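As structure tokens, the structure follows; a few thoughts come after it.
Bear in mind that the values in this text are calculations on the coordinates, not laboratory data. Because the structure is predicted, anything quoted here is derived from the model rather than measured. Neighbour counts run over all protein chains shown; Cβ positions are idealised from the backbone, glycine included.
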Amino acid sequence: MPISLDPQMMRAIIMDHYEKPRNKRTPHDDRYQMMHIDSPNCIDDINVFLLEENGVISDCAFDGIACTISTASTDIMTELVIGKNVQDALYIIEQYQKMIHEQPFDDTVLDEAIVFINTHRQAARIKCATIGWDALKELLDHDHKHEK
Amino acid sequence: MKKIDPYLIRDDFPMFKNKVMMQGKPLIFLDNASTTFKPYAVEKAVNAYLQYETANSHRGDYDLCYNVDVKIDEARATLAKFINAEKREIVFTSGTSMSINLIAYGYGTKYLTKDDEILITQAEHASNVLPWFKVGEMTGCKINYIPLNEDGKLVPENLRKVISKKTKIIAVAHVTNVLGFIVDIKEITKIAHQYGAIVVCDGAQSVPHMPTDVKDLDVDFLSFSGHKMVGPTGIGVLYGKYGLLEKTAPFMTGGGMNAKFDMCGDVTYLQPPSKFEAGTQNIEGIYGLKAATDYLMSLGMENIRRYEDELRTYAIEKLKKNERVILYNEKAESGIITFNIKGVFAQDEATYLNSQGIACRSGQHCAKVLLDYLGEVATVRASLYFYNTKEDIDAFVSALEKGGDFLDAYFA
């Protein structure tokens with residue numbers, strides 16, 4: 001997806017994921033790992049769920065209280081990582097974090113997540129745009145360490 | 001009676017004189033319940049200590065030290081006058097949180113037992129809730145809630161319904177930080193004393209904005225913070241009736257608070273307020289707080305209250321014309337305005353306001369209150385002070401009217 005995406009479209013993508021999140025739900029299944037994450041500086045308070053089978057993310061979801069930015073960014077993340085193996089998912093998360101922090105990044109793997117490229121303009125919202133991603137990274141890292 | 005002229009007042013404040021911008025726009029500061037700007041007079045007082053008068057207190061062997069002791073004593077006298085207390089009833093702390101913790105640990109854990117009860121409300125700030133939970137944990141006493149009325153306000157008749165002989169402490173804010181209602185503390189205190197309970201009043205949101213007379217209110221303890229009343233951060237006050245301060249154990253021990261001690265462990269503490277001021281105090285903070293207090297008294301607290309009331313009425317009238325604005329505390333009497341924009345998450349609205357150079361605060365504040373009384377998980381809070389102008393309100397109201405799409409903040 002090109003970075004020259006126009007603001008109207010970026011806006012539409014964020015609102016679409018906020019109003020109709022694809023993976024905002026709590027799976028009632030013991031096989032899922034869960035990470036609770038919140039921030040003392042904002043309202044976001046969510047759980048991120050991960051189902052990993054044979055090194056592949058077969059499902060990812062989230063639930064809780066979240067603003068537009070955190071809902072849309074986390075929802076887009078779940079769509080991006082479902083079906084990917086752990087290494088690829090970690091790579092996507094790394095590229096997203098780089099984008100948010102204004103470092104060079106690989107835009108070929110971020111797809112719709114590119115809409116958050118301007119987050120630095122509202123620095124107070126960086127946490128909102130990364131909260132779900134941080135939680136998933138933690139889950140995947142934790143998992144990875146266990147395997148070693 | 002003198003009338004507040006915010007345009008003249010702004011010349012006293014570097015944050016206005018320096019034309020501070022936010023997001024490339026002139027800053028409109030409507031987060032005064034959180035903290036406040038400091039006048040030049042405060043800066044000057046702090047600098048005087050740092051540049052010409054640096055020395056420790058209580059070490060009066062040379063002139064500089066003696067001068068610091070004199071200045072601290074003057075500051076205590078100024079603060080005492082400000083709330084109509086006695087000088088020896090003014091304890092310097094780091095702020096409201098420390099003041100409340102001092103009472104919770106020094107009085108609460110010392111005197112309460114498992115059969116006792118502490119009453120608070122669901123509208124209290126965390127700093128007036130969590131220290132009492134600690135007292136509960138440590139003594140086994142119960143923490144119970146005085147029910148709020150349908151507006152989310154604490155009214156004395158609701159205290160009458162729940163108070164009993166078991167009630168030992170009532171810890172409530174004079175003005176609540178989310179909904180901004182002014183509580184009838186005088187009546188609360190009267191009822192409390194009939195049952196032998198003491199009232200620990202959180203004055204963080206009231207003392208900076210209205211006249212406070214501890215003798216008239218008859219509160220037993222009162223806490224407030226310097227930085228919410230144009231003073232420096234990290235300095236505040238605990239007022240306590242002298243007899244109660246004598247009964248309260250020191251929260252911290254160390255230098256400056258003991259009269260003598262020996263190797264056998266026999267220790268004699270100084271009398272209040274020194275008993276509670278262990279270690280070197282925030283001396284420049286005390287200088288700054290005195291200057292802030294002098295500044296507020298020169299304006300007059302009743303003038304400040306009236307001006308904020310006028311400004312609030314002006315804001316509410318304008319906000320009510322915007323159909324997208326949901327007001328949660330129209331009836332409140334303080335400068336706190338709590339609202340949401342229909343269909344917009346509170347934090348997103350605050351981000352939009354930031355993009356317009358307007359500082360407001362979004363928050364869950366206290367989830368329980370909001371859910372029970374407002375039916376909302378989060379709200380936006382605009383809070384006024386005497387240096388805000390009608391133009392500030394106009395810009396705020398107009399931003400809310402235009403602010404159809406908060407995501408503009410992302411793409412502008």
From the Cα centre of the range B:315-377 to that of the range B:190-265, the distance in Å is 32
For the range B:324-336, Karplus-derived ³J(HN,Hα) couplings (6.51, -1.76, 1.60; θ = phi - 60°; whole Hz; x for glycine and proline) come out as 7, 8, 9, 9, 9, 9, 3, 7, 5, 9, 9, x, 9
Tilt, helix A:7-19 to longest principal axis of chain A (alpha-carbon atoms), in degrees rounded to tens, equals 40
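Antiparallel as a % of all DSSP beta bridges within chain B, to the nearest 5?
Within chain B, antiparallel bridges account for around 60 percent of the total.
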Beyond 26 Å (Cα-Cα) in this structure, taken from B:Lys165/B:Lys275; B:Lys87/B:Lys153; B:Lys17/B:Lys320; A:Lys20/B:Lys321; B:Lys2/B:Lys81, we find B:Lys165/B:Lys275; B:Lys87/B:Lys153; B:Lys17/B:Lys320; A:Lys20/B:Lys321
Rounded to one decimal in nm, the spacing of the 7 Å Cα→Cβ label points at B:Lys110 and A:Asp29 is 5.9
Taking Cα atoms, the helix A:86-100 axis meets the longest principal axis of chain A at an angle in degrees (rounded to 10) of 30
Loop-resident GluC sites (Glu not before Pro) in the range B:134-233 with no more than 12 other Cβ atoms inside 10 Å, DSSP not H/G/I/E/B, are B:Glu150
Within the set B:Asp61, B:Asp151, B:Asp266, GNM on chain B using Cα springs under 10 Å gives the largest fluctuation to B:Asp266
Helix A:68-81: inclination vs chain A longest Cα principal axis, degrees, rounded to 10, gives 50
Counting only DSSP beta bridges fully inside the protein assembly as shown, the antiparallel percentage to nearest 5 is 70
Scattering profile of the protein assembly as shown from the Debye formula, Cα beads only, expressed as log10 I(q)/I(0) at q = 0.07, 0.10, 0.12 Å⁻¹, is -0.50, -0.95, -1.19
Dividing the alpha-carbon radius of gyration of the range A:1-139 by 2.2 N^0.38 Å, where N counts its residues, gives 0.98
The Kirkwood hydrodynamic radius of the range B:43-298, taken as the inverse of the mean 1/r over all distinct Cα pairs, in Å, comes to 18.8
Two pseudo-spin positions, 7 Å from Cα along C-beta at A:Gln87 and at B:Thr35, lie apart in nanometres by 4.8
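What's the local net charge at A:Ile65, with K and R +1, D and E -1, over the other residues with C-beta under 12 Å away?
Charge balance near A:Ile65 sits at -4.
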Reduced to Cα centres, the span from the range A:112-131 to the range A:2-37 in Å works out to 13
Those helices of chain B passing the 27 Å axial Cα length cut-off and the mean Kyte-Doolittle cut-off of 0.0 (DSSP H runs only) are B:63-83
In a Gaussian network model of chain A with springs linking alpha carbons closer than 10 Å, the residue among A:Ala113, A:Ala123, A:Ala72 that fluctuates most is A:Ala123
